[in-house]
1. Exactly one of these conditions fails for A:ILE164: (1) closer than 14 Å to A:ALA77 by Cα; (2) without any contact (Cβ under 8 Å) to a residue 24 or more places away in the chain. Give me its number.
2. If you go through the stretch A:250-282 one residue at a time, how many are in contact with a Gly (Cβ under 7 Å, 6 or more places away or on another chain) and aromatic (Phe, Trp, Tyr)?
3. Tally the residues that are of a type in the set (A, V, I, L, M, F, W, C) and surrounded by fewer than 22 Cβ atoms within 10 Å (Cβ to Cβ), restricting the search to the stretch C:220-247.
4. Need pairs with beta-carbon distance below 9 Å; first residue charged (D, E, K, R) and within the stretch A:23-40, second outside any helix (DSSP H, G or I); sequence gap 6+ or separate chains.
5. Go through the stretch B:77-106 and give me each residue that's of a type in the set (Lys, Arg) and part of a loop (DSSP other than H, G, I, E, B).
6. Return the total of residues in the stretch B:60-81 being within 13 Å of the chain's Cα centre (by Cα) and at the interface with chain A (Cβ under 9 Å from one of its Cβ atoms).
7. Which of the residues that make up the stretch C:83-103 are more than 23 Å from A:LEU273 (Cβ to Cβ), assigned to a helix (DSSP H, G or I) and touching a residue at least 12 places away in the same chain (Cβ under 8 Å)?
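The values are calculated or read from the model by the stated rules, or taken from the named source; none is laboratory data. This one's a predicted model, so the numbers in the text were calculated from it and none came from an experiment. Here the Cβ positions follow ideal geometry from the backbone for every residue, glycine too, while neighbour counts run over all protein chains shown.
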Amino acid sequence: MKDNKKLIWFLAAAFLLLVLPSVAQYAGNFWVRIIDFALLYVLLALGLNIVVGYAGLLDLGYIAFYAVGAYTFGLLASPHLTEAFPAIGAIFPNGLHTPIWVAIPLGALLAGFAGALLGAPTLKLRGDYLAIVTLGFGEIIRVFLNNLDAPVNITNGPKGLLQIDSFKLPLVGFDFGRPGSLFGLEVSSVTKYYFLFLAVVVVSVLICYRLERSRIGRAWMAIREDEVAAKAMGINTRNLKLLAFGMGATFGGVSGTLFATFQNFISPESFALNESIMVVAMVVLGGIGHIPGVILGALLLAALPEVLRWVSGELDLQSITGGRLDAAILRQLLIAVAMIAIMLARPRGLWPQPEHGKAAPTPAS
Amino acid sequence: MADVVLNVTGASKRFGGVQALSDVGITIRQGEVVGLIGPNGAGKTTFFNVITGLYTPDSGTFELGGKPYKPSAVHEVAKAGIARTFQNIRLFPEMTALENVMVGRHLRTHSGLFGAVFRTRGFNDEERAIADRARELLEYVGIARYAEFKARTLSYGDQRRLEIARALATEPKLMALDEPAAGMNATEKVVLRELIDRIRKDGRTILLIEHDVKLVMGLCDRVTVLDYGKPIAEGSPYDVQRNEKVIEAYLGAGHKAH
Amino acid sequence: MDILLQQIINGLVLGSVYALVALGYTMVYGIINLINFAHGEVLMVGALTSWSVIQVLADSGLPGWLKLLLSLVAAVVVCAALNFTIEKVAYRPLRNAPRLAPLITAMGMSLLLQTLAMIIWKPNYKPYPILLPSEPFHIGGAVINVTQILILVATAVTLVGLMWLVNRTKLGRAMRATAENPRVAALMGVKPDMVISATFVIGAALAALAGVMYAANYGSVQHTMGFLPGLKAFTAAVFGGIGNLAGAVVGGVLLGLIEALGAGYIGTLTGGVLGSNYQDIFAFIVLILVLTARPQGLLGERVADRA
């Protein structure tokens with residue numbers, strides 16, 4: 001009977017997820033966009049959960065991998081390189097339009113590589129030192145992205161990369177960047193992206209779930225629980241930590257590529273330190289190491305402020321408070337309060353791992 | 001003459017101004033239970049840490065199963081075949097007892113990322129084998145009923161037994177137990193002694209640090225005594241117990257054997 | 001040669017600010033193992049509070065130095081009270097929670113303080129009044145003004161005072177004991193709550209002083225001004241050896257010098273490829289280099305992993 005109940009819940013959830021965009025679209029494309037961005041954050045949170053939740057490595061510079069994925073695609077699928085470097089422009093007279101099925105694995109690979117690279121110097125560091133070093137790496141990457149427009153204009157600096165290609169499937173003639181029809185129904189571009197991101201999230205959840213329940217997952221958790229004991233059990237902690245960084249980074253890279261192709265524009269502003277902190281907050285507030293919790297945390301911190309921002313607009317809070325409280329400020333305020341209040345109320349997160357394995361009774365003599 | 005499992009000669013280690021170990025050696029043969037005793041601070045745990053790779057020795061030769069090994073990478077030492085327990089019990093507290101022992105199987109198994117993500121036949125078979133073997137070991141040490149309980153919720157004595165099960169899972173050539181009876185009440189010690197006895201009867205080779213005299217007398221074939229980092233006596237438990245230098249080390253000069 | 005001396009002076013001034021803030025971080029970390037992400041915001045509150053007080057005293061006819069002093073006192077009081085409250089409300093309840101919980105709370109607190117400051121003081125940059133004589137003194141080929149001299153002197157005096165407090169008073173002993181072993185210290189009669197509160201209050205006072213100095217030297221205040229200096233100061237505390245007071249000072253001063261000299265010379269060093277806009281990441285580059293070579297920091301102790 002229990003299995004039947006689970007199946008019903010599953011089907012209900014699946015149905016809701018499928019019709020969600022249509023419902024949201026009644027309220028406007030704006031809302032579907034918010035859901036799309038929330039899904040990207042879910043991907044990021046799942047990736048960071050591998051590093052922080054499974055392996056116990058506090059990475060405060062995670063957004064760097066998001067940036068790697070985004071900029072890889074942005075450079076390979078926008079007019080920037082062909083315009084900035086005439087030599088490249090000559091090789092690609094029709095512009096650089098790297099197909100998405102090349103770009104995503106490439107972005108993932110580069111991000112994964114960056115993850116291992118950034119993780120390597122941190123292997124011997126104690127927990128909190130690790131946090132600050134990874135934070136430093138994140139900042140270093142952002143500063144470079146912001147300043148590598150001179151002397152050679154690689155990243156276009158603060159202006160960012162524009163006119164990035166949308167997600168296109170040329171063989172089927174499907175362009176996610178344009179409205180179209182799906183099974184005879186009219187769908188907007190944001191709705192198409194919704195299904196794409198949802199699919200990627202579902203696959204990612206499956207991957208994380210499987211990793212968790214595997215030899216690698218257990219080894220990661222052993223490292224998290226007691227690194228010395230893990231080593232004493234023969235676990236090569238160095239390699240496994242690098243693997244954790246790499247896997248987490250790969251998720252970040254894929255998410256970044258999708259972000260670039262969705263927004264068609266990226267700039268270093270989107271990859272600032274507070275974004276790294278947001279993702280950490282999503283993982284911890286949701287329930288560290290617990291996939292449903294992490295998803296909840298991501299959705300909450302990504303979507304709720306937007307909802308409340310809309311509410312404040314409806315209530316015209318700005319004029320009520322004499323211009324001091326506007327939507328952006330309210331969003332920031334709410335995120336800050338949420339971080340503090342949720343941690344005080346539920347330090348293990350909103351939806352932590354269930355306490356399976358209750359206290360053992362006193363032993364028999 | 002049984003094979004030599006562990007052969008250490010001339011192990012020395014200095015910490016700043018303290019010579020923690022001077023020229024310590026030990027030879028352990030297959031199937032033996034060797035005790036390492038001495039007053040507190042004599043260097044017993046230091047010696048353990050040196051042979052298992054936690055500390056890098058200043059000098060010494062180290063051979064396991066006849067082959068030299070470098071005691072500098074902890075996980076390599078485990079791979080070579082020394083499994084240890086810790087004086088302060090170092091389990092993985094948030095993982096279940098079963099999972100703890102399954103981690104012990106990590107060393108002798110090999111599925112990786114690909115298998116985990118794609119659930120290949122090889123991966124699934126190995127996972128099942130790991131879980132089965134882990135359950136067997138929990139049964140062997142007597143805590144099978146706590147398989148799904150988080151390690152931190154187990155009683156002290158059961159945690160120690162879990163640590164031993166986890167060490168056994170690595171299929172070691174040598175089990176190195178660091179004060180397994182520390183902090184136990186009389187009942188727990190009896191259970192522990194039975195367990196170590198069973199392990200010994202099943203042919204395992206054991207190196208044991210212990211303070212409890214009864215345990216040492218009852219289990220060990222031979223005993224080495226350390227004091228201030230130096231070996232001061234070696235022999236059967238009976239002989240060592242009556243050795244004047246040993247008595248002096250524990251009780252101070254002027255005491256006679258009974 | 002001129003630029004070298006000038007940058008050294010600039011570096012020492014900046015380093016003084018970093019050192020004072022780094023001390024606050026290292027003291028808190030040493031005692032409760034928490035990276036207080038909100039500490040940089042205390043600097044900001046100190047600076048903005050003193051600015052407000054100066055605004056209020058603008059037409060009072062008091063001499064410039066007195067206005068500055070009064071505003072400093074106000075800043076210290078406000079910051080101390082603020083930090084005391086934050087510790088009591090947001091960190092104390094989480095003392096036995098999972099390690100990451102207080103970290104998130106601290107980050108939330110940092111964001112909250114910034115947002116509240118933006119609401120209270122409005123988002124624009126405000127010029128900080130020049131209250132001390134600004135004629136520069138010439139040393140070698142470099143210039144230094146009264147404000148900067150005062151910053152260096154104030155920092156030195158404060159450090160001496162802090163050393164005296166930590167090493168020669170009952171409170172200082174209690175702080176050191178709690179940092180080493182809270183449970184045993186409690187058994188000896190030390191009240192950990194009181195010691196921890198005291199640590200936060202002292203840290204806040206230092207940050208408030210740093211905030212006023214920073215504002216007086218750089219001439220403007222705004223609600224985001226504390227974030228980056230706070231982060232860099234913490235970085236300095238880490239590579240000086242977290243938990244170590246001398247390390248915090250060394251780290252802070254060193255960082256100030258590196259930033260100033262780096263900003264001055266990076267153009268020439270890299271042939272114009274990299275400019276001073278990379279200044280903000282010097283701290284992190286130094287951190288990574290130091291920790292790679294010496295994982296415990298410059299003056300930190302290697303904590304042996306005893307089995």
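1. It fails just one condition, (2).
2. Of the residues in the stretch A:250-282, 2 are in contact with a Gly (Cβ under 7 Å, 6 or more places away or on another chain) and aromatic (Phe, Trp, Tyr).
3. Count: 3.
4. Matching pairs, first to second residue: none at all.
5. Residues of the stretch B:77-106 of a type in the set (Lys, Arg): B:79, B:84, B:90, B:105.
Once the filter is applied, which keeps residues that are of a type in the set (Lys, Arg) and part of a loop (DSSP other than H, G, I, E, B), the stretch B:77-106 yields only B:ARG90.
6. Start the filter on the stretch B:60-81 by keeping residues that are within 13 Å of the chain's Cα centre (by Cα), which leaves B:77-78, B:81.
In the following step, the residues that additionally are at the interface with chain A (Cβ under 9 Å from one of its Cβ atoms) were identified as B:77-78.
Within the stretch B:60-81, residues that are within 13 Å of the chain's Cα centre (by Cα) and at the interface with chain A (Cβ under 9 Å from one of its Cβ atoms) number 2.
7. Scanning the stretch C:83-103 gives C:PHE84, C:GLU87, C:LYS88, C:ARG92.
Yes/no matrix, rows are residues, columns are (1) touching a strand residue (DSSP E or B) at 6+ places or on another chain (Cβ under 6 Å); (2) crowded, with 19+ Cβ neighbours inside 10 Å; (3) within 22 Å of A:LEU48 (Cβ to Cβ):
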site	(1), (2), (3)
A:GLU186	no, no, no
A:VAL190	no, yes, no
A:ARG210	no, no, yes
A:ARG218	no, yes, yes
